[in-house]
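See below for the structure under consideration.
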Amino acid sequence: MLNRTAALHNLGCKVNAYETEVMQQMLSDAGYTIVPFSEKADVYIINTCSVTNMADKKSRQMISRARKNNPQAVVAAAGCYVQAAGEKLLEELSVDLIIGNNKKKDLVQILDDFFVSRDSQSYIVDLSHTKEYEEMKMERTAEHTRAYIKVQDGCNQFCSYCIIPFTRGRVRSRRLEDVETEIAGLCKAGYQEFVLTGIHLSSYGVDFSEDKKPKLLELIRKIDAIPGVKRIRLGSLEPGIITEEFALALKKLPSFCPHFHLSLQSGCDATLKRMNRRYTASEYAEKCHILRSIFDRPALTTDVIVGFPGETDEDFEICRSFLENIAFYETHIFKYSRRQGTKAADMPQQIPEQIKTERSHVLLKLHEKNKKAYLEQFVGQPLQVLFEERLEIQGKKVWSGYSREYIRVLWDTEQTLENQICTVTACQTDTKEGALWTRG
């Protein structure tokens, strides 16, 4: 193969990030030289997102930027925006290749064929009619200590605001043996922490045949038993998966980190019903109670959408009060974004942008208060921290890492700490950095 350069840009979720890293790895293994996206390259790969209209816009912008960087380059658009928009993008955005979800694994062959034929092509599978899991394997990652591992794709939930079941298809789970092989290889390469990700992680295994149906808990147990695995984290979970049995089983695993991201979206039952979420606020609160009764100060984090169609001032106040009572470690707040193709886009009583912004500010202040209170619980307490990188903060060279609870910890020390797990004592909070400082 001629010496060619390639640049990749990722948009969207951790699943997309995993797939982008594997595509970069595949290109590198095939002889491509990987260069920054801002530089001139022979091939540009944009792994797109379509979770909101803004994500669609950013995807189009990055495709246009690639073409401007090098008008003669091969521009390939992959991922969810492509899956939703279809073949019309070939003409609308002047891209050379359209690569839908479930075809990213074929990237190198797709490029090889294009360099022979020079014919623009669309590679899109109808994901509503396939049960095939797109097997991709990571052997290395840009991060030096933590690896995100994709174990599941697709979603069967059809929340009224979400386009993802249409761009990612139905639930498809990765074979347990393939996950074990990938993680064992990464352990040998020095990685110690693994974050299991998926489009709907709680559904892992539901698509397997009854006689061969491992669920998420079995997968976690298998990973915990792999030599070299020091930490396991989970991506976003649906609250329904949390039971006393599930939580007690996780607590017994030495590598499991007590950090739970439980998807909420709203603390108001009326809003949850319009969203087609499958739980009530009280049921969700009970799941948080279970986790806090079994784990010592687990980190509970969540997502909340403000300004969903029909959300009244009273509905918002119910949600705000719920968040205050639960007191999450972190709350990721999103203003509702109208997404064409979803039921919510056609709902009456769309909320003005100004009101969404005002409500968002209220919840951001609450988030800051709750986060500070959570961090302060750990001042003077020992924490196990996996240190990752050396940064300059407040004029000092410090090491940054994360505790098992996913609390960021900073240490002003001359020691070399990369990829080391150290037990340290937190001495003070830093609200600006959203972290704890330690003296070791």
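The values are calculated or read from the model by the stated rules, or taken from the named source; none is laboratory data. Since we're looking at a predicted model, the values are computed, not measured. In this analysis, Cβ positions are derived from the backbone assuming ideal geometry, glycine residues included, and neighbour counts consider all displayed protein chains. Please note that ligands, DNA and RNA were not included when accessible areas were found on the heavy atoms of the full protein model with its side chains. Shrake-Rupley method; radii C 1.70, N 1.55, O 1.52, S 1.80 Å.
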Original post:
In the stretch 63-83, what count of residues is obtained for those that are surrounded by fewer than 21 Cβ atoms within 10 Å (Cβ to Cβ) and either within 24 Å of the chain's Cα centre (by Cα) or not in a helix (DSSP H, G or I) (or both)?
Top reply: 4
Original post:
Looking only at the stretch 347-381, which residues are among the basic types (K, R) and open to solvent by less than 80 Å² (accessible area, probe 1.4 Å)?
Top reply: K356, R359, K371
**OP:** Quick one: in the stretch 409-425, of everything that is open to solvent by less than 70 Å² (accessible area, probe 1.4 Å) and part of a loop (DSSP other than H, G, I, E, B), which residue is nearest to K397 (Cα to Cα)?
**Re:** T413
Original post:
Do we find a residue being open to solvent by less than 10 Å² (accessible area, probe 1.4 Å) and among the small types (G, A, S) anywhere in the stretch 90-106?
Top reply: yes
Subject >> Residue count for the stretch 340-361, restricted to those that are in a loop (DSSP other than H, G, I, E, B), touching a residue at least 60 places away in the same chain (Cβ under 8 Å) and under 30 Å from C288 (Cα atoms) >> reply: 1
**OP:** Please verify whether the stretch 188-199 includes one or more residues that are assigned to a helix (DSSP H, G or I) and not hydrophobic (A, V, I, L, M, F, W, C).
**Re:** yes
Subject >> All positions within the stretch 1-60 that are part of a strand (DSSP E or B) and of a type in the set (A, V, I, L, M) >> reply: A6, A7, L8, I34, V43, I45, I46
Original post:
Do you know which residues across the stretch 38-57 are over 17 Å from G86 (Cα atoms) and open to solvent by 20 Å² or more (accessible area, probe 1.4 Å)?
Top reply: S38, E39, K40, D42, M54
**OP:** Give the number of residues within the stretch 175-186 that are open to solvent by 20 Å² or more (accessible area, probe 1.4 Å) and part of a helix (DSSP H, G or I).
**Re:** 6
Subject >> Total residues in the stretch 362-387, condition in contact with a Phe, Trp or Tyr (Cβ under 7 Å, 6 or more places away or on another chain) and assigned to a strand (DSSP E or B) >> reply: 3
Subject >> Lone qualifier among I226, I232 - being over 28 Å from C319 (Cβ atoms), among the hydrophobic types (A, V, I, L, M, F, W, C), surrounded by fewer than 19 Cβ atoms within 10 Å (Cβ to Cβ) and out of contact with any Gly (no Cβ under 9 Å at 6 or more places or on another chain) >> reply: I226
Subject >> Residue list for the stretch 426-440, restricted to those being open to solvent by 40 Å² or more (accessible area, probe 1.4 Å) and assigned to a loop (DSSP other than H, G, I, E, B) >> reply: T431, K432, E433, R439, G440
Original post:
Considering the stretch 249-288 alone, what residues qualify as being in a loop (DSSP other than H, G, I, E, B), touching an Asp or Glu at 6+ places or on another chain (Cβ under 6 Å), farther than 30 Å from R221 by Cβ and not hydrophobic (A, V, I, L, M, F, W, C)?
Top reply: T280
**OP:** May I ask you to list the residues in the stretch 326-346 that are open to solvent by less than 40 Å² (accessible area, probe 1.4 Å), modelled with pLDDT of 95 or more and of a type outside the set (G, A, S)?
**Re:** I326, F328, Y329, E330, T331, I333, Y336
**OP:** Would you mind stating whether F316 is part of a loop (DSSP other than H, G, I, E, B) and crowded, with 20+ Cβ neighbours inside 10 Å?
**Re:** no
Original post:
Only one of (1) more than 22 Å from the chain's Cα centre (by Cα); (2) under 21 Å from P258 (Cα atoms) is not met by T301, so which one is it?
Top reply: (1)
Original post:
So which residues in the stretch 239-256 are exposed (fewer than 14 other Cβ atoms within 10 Å of the Cβ) and of a type in the set (S, T, Y)?
Top reply: T243
Original post:
Got at least one residue in the stretch 129-137 being acidic (D, E), open to solvent by 10 Å² or more (accessible area, probe 1.4 Å) and part of a loop (DSSP other than H, G, I, E, B)?
Top reply: yes
Original post:
Which condition number in (1) open to solvent by 20 Å² or more (accessible area, probe 1.4 Å); (2) in contact with a Gly (Cβ under 8 Å, 6 or more places away or on another chain); (3) in contact (Cβ under 8 Å) with a residue 40 or more places away in the chain is the one that I163 fails?
Top reply: (1)
Original post:
So which residues in the stretch 394-408 are open to solvent by 10 Å² or more (accessible area, probe 1.4 Å) and either touching an Asp or Glu at 6+ places or on another chain (Cβ under 9 Å) or touching a residue at least 60 places away in the same chain (Cβ under 8 Å) (or both), if there are any at all?
Top reply: Q394, K396, K397, W399, Y402, R404, E405, Y406, R408
